[in-house]
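Contents: one structure, followed by commentary.
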Amino acid sequence: MENKKYLTEENYEKGKKTILKIAITILVIGIVIGISLIIVGILKINSTSENSNNNTTIEEDAMTEEEIDLKIAEIDNQINEINQNLNSLKAEKSQEFMANGFSEKYYEIDSEIETENKKISDLNQEKFILESEKQLTNNGFIDDFEEGGPENLASKGFGGMMIMGGVMVLIFTALISGKLFMIYKRREILAFTAQQVIPVAQEGIDEMAPAIGNVAKEVAKGISSGIKDKEK
């Protein structure tokens, strides 16, 4: 049976070429993907900015803080009127129940009460939206909405995320391909390191050799003298 050897120069060279191909493939793919994401993100932001410049609908429809306050006050008046009507309907409902129980009129009054409650709910929702818009105006956020609305803000954010994603892809690509390239050049790196260290070590050995030799001679003399003394 043939004994297959793995630690050969031929296998080493094949392995180096494979690692180099993988490193180059990862580098090329990563650069293409990263740059593509960055370009698409920039185009997305630029397209959103152009749409914002052409879109004036929200800016025209936006109300001033005074107009919002007037609208809120009008809604409060409507809610108060409905509440007064509700009190009358509830009292009438109670009287009808005491007089005739669950009559047809009782259910008609109950239906009117539900309708009035629905009106109050809708008005409160409208009031909440107006108060939120007023808060945005006070905090300076309304200008961002006037530039194109929340859709454009989301689009700009998405473009920024694509740019950041492209940058991260380029960074990881450089790290991975760089690590593979270091493996590909490991023998050359070790040889270069050895070339730096070996001359210094050799010089140190040359300098220390005479001293070590003298020490060895003295030790040998001492041992020889001890042996002779013992024989005597």
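Per-residue packing, averaged as other Cβ atoms within 10 Å, sorts the ranges 120-128, 161-169 into the order 161-169, 120-128, beginning with the highest. Going by accessible surface with a 1.4 Å probe and the largest first, LYS118, LYS44, LYS16, LYS21 read LYS21, LYS118, LYS44, LYS16. Placing pseudo-labels 7 Å out from each Cα toward the beta carbon at GLU112 and ILE189 gives an inter-label distance of 8.8 nm. Using 27 Å as the Cα-Cα cut-off, could you pick out the over-long pairs in LYS71/LYS93; LYS93/LYS119; LYS71/LYS118; LYS90/LYS134? In this structure, LYS71/LYS93; LYS90/LYS134 exceed 27 Å between Cα atoms. Shown here for the stretch 74-120: GluC sites (Glu not before Pro) in loop regions (DSSP other than H, G, I, E, B) with at most 14 other Cβ atoms within 10 Å, of which there are none.
The values are calculated or read from the model by the stated rules, or taken from the named source; none is laboratory data. Not measured: the values here are computed from a predicted model. Don't worry about glycine lacking a Cβ; one is built from the backbone with ideal geometry, like all the others, and counts go over all protein chains shown. Protein only, heavy atoms only, side chains kept; ligands, DNA and RNA dropped before computing areas. Shrake-Rupley method; radii C 1.70, N 1.55, O 1.52, S 1.80 Å.
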